Amino acid sequence: MKLALRRAAAMSAAAALAVLLSSCGLSDSSAEGRIRIGVNGADPEWDVLAEEAKEKGLDVKIVNFDDYQLPNRALADGDIELNAFQHLAFLSKFNQQNGTDIVPLTSTSVAPMGLYSLKHKSVADLPDGARIAIPNDPSNQGRALLVLREAKLIGLRDKAGIYGTPDDITDNPKHLKITPVDAQQTPRTLKDTAASVINSGVAEQAGYKIEQAIYRDDPGSAATRPYVNVVAARAADKDDPDLREIVRIYRSPKVQEAVRKSSGGARYVVDLPRTELEQELGRLTKQGS
């Protein structure tokens, strides 16, 4: 397997990051030949995939990260071989900001983004001057603002695109106080805010179902194509036969059934050709440059 030599070199070169990631289960003792997949919130389908891969002679380890920035850093530095936690908009922005060359191998799902509240039962109930928390990373922040626009709570400049910021707000009739916070912290702000825009996966981990959102975007619309989640690899490894086999296993009926069961309707399975994913990534990169 051509990844073996690259892994050995990368592990010695990434000693500093390995210390940082030790709490995530990574170490210099990772076996040569093992395929490590970084995820955020270890959904059951990844265990099913690991079992299916074992039957085909592939040693897969699922590595769970609790910080959105770490899986891409680990992948770029060779501490893992694949990751599956992000949508194309997030990947595009990460590559641009960090000079990395991470590419999608296959699509997984689209998760709706919702506006949640513990105090109010509808968008109309939100009071004047209410504080609304949104994720602070560029792609999820931009999407959260689009959700608020679709809910008719704010207006945005046309040029804001998918990477808008609070500075792009042109109309705010309820004088909402938009507060960017770390995406993983958005559920925790619900006690102290009128509402919070939360990514479906993060909401699910915090125990909230998409049905509880007082507003959500439509994962089936063309507007959500930038938010298709993917399995990603370093560009240099995208044609590695073992990684391509992992993609085939992921798309197998047994794993896909596990995806549907674990999502509970909170994620919508998407199967797009790699070429189409690469084209969308390229479009987003051009738009964000």
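The values are calculated or read from the model by the stated rules, or taken from the named source; none is laboratory data. Source: prediction; values computed, not measured. Cβ atoms come from the backbone with ideal geometry, glycine included; neighbour counts cover every protein chain shown.
The single condition among (1) touching a Gly at 6+ places or on another chain (Cβ under 9 Å); (2) over 28 Å from Asp218 (Cβ atoms) that Asn72 does not meet is (2). Set side by side, the residues Asp158, Asp168 differ, and just one is buried (at least 17 other Cβ atoms within 10 Å of the Cβ), more than 18 Å from Gly129 (Cβ to Cβ) and without any contact (Cβ under 8 Å) to a residue 24 or more places away in the chain, which is Asp168. Check segment 122-133 and report whether any residue there is among the polar types (S, T, N, Q), more than 19 Å from Pro219 (Cβ to Cβ) and not assigned by TED's automatic domain parsing to the domain that holds Ala213. No. Scanning segment 217-245 for residues that are closer than 21 Å to Ile198 by Cβ, surrounded by 15 or more Cβ atoms within 10 Å (Cβ to Cβ) and of a type in the set (A, V, I, L, M, F, W, C) yields Val228, Val230.
Taking the conditions (1) within 16 Å of the chain's Cα centre (by Cα); (2) surrounded by 19 or more Cβ atoms within 10 Å (Cβ to Cβ); (3) assigned by TED's automatic domain parsing to the domain that holds Gly41; (4) closer than 26 Å to Ile80 by Cα in turn, Val269 satisfies each one other than (2). Report whether or not Leu153 is surrounded by 21 or more Cβ atoms within 10 Å (Cβ to Cβ), at pLDDT 95 or above and over 17 Å from the mean Cα position of the chain (by Cα). Spelling it out, Leu153 is indeed surrounded by 21 or more Cβ atoms within 10 Å (Cβ to Cβ), at pLDDT 95 or above and over 17 Å from the mean Cα position of the chain (by Cα).
Just need a number here: residues in segment 257-289 that are polar (S, T, N, Q) and either touching a Leu at 6+ places or on another chain (Cβ under 7 Å) or without any contact (Cβ under 8 Å) to a residue 40 or more places away in the chain (or both).
Of segment 257-289, the ones polar (S, T, N, Q) are 262-263, 275, 279, 285, 287, 289.
Those still in the list that are either touching a Leu at 6+ places or on another chain (Cβ under 7 Å) or without any contact (Cβ under 8 Å) to a residue 40 or more places away in the chain (or both) too: 275, 279.
The total comes to 2.
Among the residues of segment 202-216, those that are within 16 Å of the chain's Cα centre (by Cα) and surrounded by 21 or more Cβ atoms within 10 Å (Cβ to Cβ) comprise Val202, Ala203, Glu204.
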